[in-house]
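The values are calculated or read from the model by the stated rules, or taken from the named source; none is laboratory data. All of these numbers come straight from a predicted model, not from anything done at the bench. As a convention, Cβ positions derive from the backbone with ideal geometry for all residues, glycine included, and neighbour counts pool all protein chains shown. Note: accessible area is taken over every heavy atom of the protein model, side chains too, but ligands, DNA and RNA are not part of it. Shrake-Rupley method; radii C 1.70, N 1.55, O 1.52, S 1.80 Å.
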Amino acid sequence: MDGDVYVIEINARASRTVPYVSKARGIPLARLATFLCLGQKLKDLGPLPPLAPAGTYYIKAPVFPWGRFDMNDVLLGPEMHSTGEVMGVGRSFGEAYAKALEAAGQGLPNEGGVFISLCDRDKHLLPELAGPLYTMGFQLLATRGTAKALEAAGIPCELVFKVKEGRPDIVDHVRNGRIQLMINSPSGKKSVYDEQAMRLAGLRFGVPCITTVRAAMAAISAIRSQRAGELKVIKLQQLHKPV
């Protein structure tokens, strides 16, 4: 106001990012930054250690408190909901992502039923999303619009009712243990009640719920890695040992 600058908030995001990058690179970044603050030059710190071997992936995943508090919904918005972060390390993207999700309490299934309900703008991606799941032997369940799009793509699925559309509905199937994974991209305000009920049912009965197609694609890579038995212990000390 009147040319004055007011600082409302200072968010030191590096407080989470620096330790993560330090572990991934094997470099004590906070220690080196302290030396620079005390007047040393970059050239005085010596050469940085080499990167980890090619083909090593590091993935950071947020930890959410959904299961610890009474939540109205698990859909993300602009507010900060995560209460921490974990790191998954793997020789493939799928391995690292599977480990990160498992550590964050969102482990993925290797078999069972997958419920899919995508908004119209995402339905064109159904073949590359549902196709691999069907090929891996998952039973696909979908709401009317998504089921119609799957049928057009030649991918078999079971039609399920939305909430208040008939019984048994999607919440009943989650409660009865028929669904092990939910993929639901929000359709907007007109479907908010129905989609909220789906997500809360997943939370209540421990069924992972994915709300973006991009995350669902990554989850498919993680499931493939799990089923292939690729999840092995990898020591950071071994990756960053002196040459």
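Below are the figures for this structure:
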read-out	value
Heavy atoms of Val86 accessible to a 1.4 Å probe, total area in Å² rounded to 10	30 Å²
Residues Asn176 and Leu48, FRET efficiency given R0 of 51 Å [Cβ-Cβ distance, rounded to 0.05]	0.40
Of the trypsin sites (Lys or Arg not before Pro) in the range 19-53, those whose Cβ has at most 10 other Cβ within 10 Å and which sit in DSSP loop	Lys41
Rounded percent of accessible protein surface that carbon and sulfur make up, the range 196-243, 1.4 Å probe	53 percent
Reachable lysines, given that their alpha-carbon falls under 20 Å from the alpha-carbon of Lys123 and they are not under 8 places away in the same chain	Lys148, Lys162, Lys189, Lys190
Low-density loop cleavage sites - trypsin sites (Lys or Arg not before Pro) in the range 136-243, where at most 14 other Cβ are within 10 Å (DSSP)	Lys164, Lys232, Lys235
Potential lengthening between Ser15 and Gln238 on full extension [0.36 nm per residue; Cα-Cα distance subtracted]	77.8 nm
Surface per residue (accessible, 1.4 Å probe) for the range 97-243, Å²	52 Å²
Heavy atoms of Glu151: accessible area, 1.4 Å probe, square angstrom to 10	140 Å²
Förster-model FRET efficiency, 22 Å R0, Glu158 and Thr135, C-beta, rounded to 0.05	0.85
Förster radius 45 Å - calculated FRET efficiency between Asp120 and Ile27, Cβ distance, rounded to 0.05	0.45
